[in-house]
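Accompanying notes for the structure given below.
The values are calculated or read from the model by the stated rules, or taken from the named source; none is laboratory data. Predicted, not measured: the structure shown is a model, and the values here were computed from it. All Cβ positions, glycine included, derive from the backbone under ideal geometry; neighbour counts span all protein chains shown.
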Ligand code: ADP
Ligand code: MG
């Protein structure tokens, strides 16, 4: 059993989007199909950790994060935040949780309202969530900006006056302003120049420590996830296939998908680059998910059982879970 406090417990979460039916579908009475973006996912996020969520584009990372924040409805399953089941709360009941759970998006150009100054944006957040008395709001906004490495001069300016990296700092300031417990950062550095990425990652690390934050960090960039995470969760076609401490997951790569995905990470050493196998084929559609293990059509180790039976996550020690009948420890 893990002794740490669970901030978030996700149990059997499913988010399905109905596929638009054509006239022909209706006439031929074809059954309604669904994009199974999140398909029976269970895991915990512990207090004060940075959990990295990785997987190919389209595997359901953003959908999962929005469902945790109740920005999507789940068709099934439970989200427990700080001991409270928030799955069925209405908007009014969600308000205190909205404060505690913040989000930083990939694109700092579209996530900030171009018509509002940075100061007004921060003050609106502070007022809405009653963070401090009115007379302290100006000071509080300046202080938050200083925490993300920006001068208070920025308060008077509009988002368009800043670079991408500065805008992402402002987006982080907005999330931080309301004293959240939990932040989901969805590909927060993917749109930034490589030279700026490290600065933003370091800033998130510093803020995580200083504010005892819990962060779910979503990325498809393996070097980034390796740098920032305490634990790593690997997602494939709507499901978690492996989760564990960063070093365990990177070194053991128990699930064949994790192994192939991580081996495709560009190696800085050109001599080793050739050995790296890139993952073959495209992931199947989340509308028609293969039976059995959903990775079986792309898996080099697939057996008959894998085609018929769906493997569940099993603990192999040290809180390292893998969903595979034929997993192999690549560190030995
Ligand atoms: P990721 O963030 O891992 O790239 P997403 O969560 O954005 O993946 O998408 C997972 C799957 O769900 C994709 O097939 C995507 O097309 C689909 N999807 C996401 N949002 C919606 C939506 N609002 N309506 C219908 N399908 C969606
Ligand atoms: Mg996404």
- Can you tell me which residues in the range 11-36 are part of a loop (DSSP other than H, G, I, E, B) and in contact (Cβ under 8 Å) with a residue 24 or more places away in the chain? 19, 33
- Say whether the condition of being away from ligand 2 (no atom under 16 Å from the Cβ), touching a helix residue (DSSP H, G or I) at 6+ places or on another chain (Cβ under 7 Å), part of a loop (DSSP other than H, G, I, E, B) and free of Cβ contacts under 8 Å to residues at least 24 places away in the same chain is met by at least one residue in the range 78-88. yes
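Any idea which of 145, 203, 216 is touching a residue at least 40 places away in the same chain (Cβ under 8 Å) and buried (at least 19 other Cβ atoms within 10 Å of the Cβ)?
216
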- Query: Looking at residue 108, is it out of contact with any strand residue (DSSP E or B) (no Cβ under 6 Å at 6 or more places or on another chain), outside any helix (DSSP H, G or I) and within 16 Å of ligand 2 (Cβ to nearest atom)?
  - Reply: yes
- Task: Might you check whether a residue that is away from ligand 1 (no atom under 16 Å from the Cβ) and either touching a helix residue (DSSP H, G or I) at 6+ places or on another chain (Cβ under 6 Å) or more than 23 Å from residue 293 (Cα to Cα) (or both) occurs anywhere in the range 50-71?
- Result: yes
- Hey, could you check the range 112-130 for residues that are touching a residue at least 24 places away in the same chain (Cβ under 8 Å) and surrounded by 17 or more Cβ atoms within 10 Å (Cβ to Cβ) and say which is nearest to residue 7 (Cα to Cα)? 129
- Among the residues of the range 53-74, write down those that are surrounded by 23 or more Cβ atoms within 10 Å (Cβ to Cβ) and part of a loop (DSSP other than H, G, I, E, B). 55, 59, 60
- Extreme residue, farthest from ligand 1 (Cβ to nearest atom), among residues of the range 169-207 that are over 18 Å from the mean Cα position of the chain (by Cα) and part of a loop (DSSP other than H, G, I, E, B): 179
- Evaluate the range 75-86: report whether one residue or more is crowded, with 16+ Cβ neighbours inside 10 Å, at pLDDT 95 or above and over 29 Å from residue 246 (Cβ atoms). no
- Single match in 99, 11, 36 (criterion: crowded, with 16+ Cβ neighbours inside 10 Å, under 21 Å from residue 234 (Cβ atoms), more than 16 Å from ligand 1 (Cβ to nearest atom) and more than 15 Å from the chain's Cα centre (by Cα)): 11
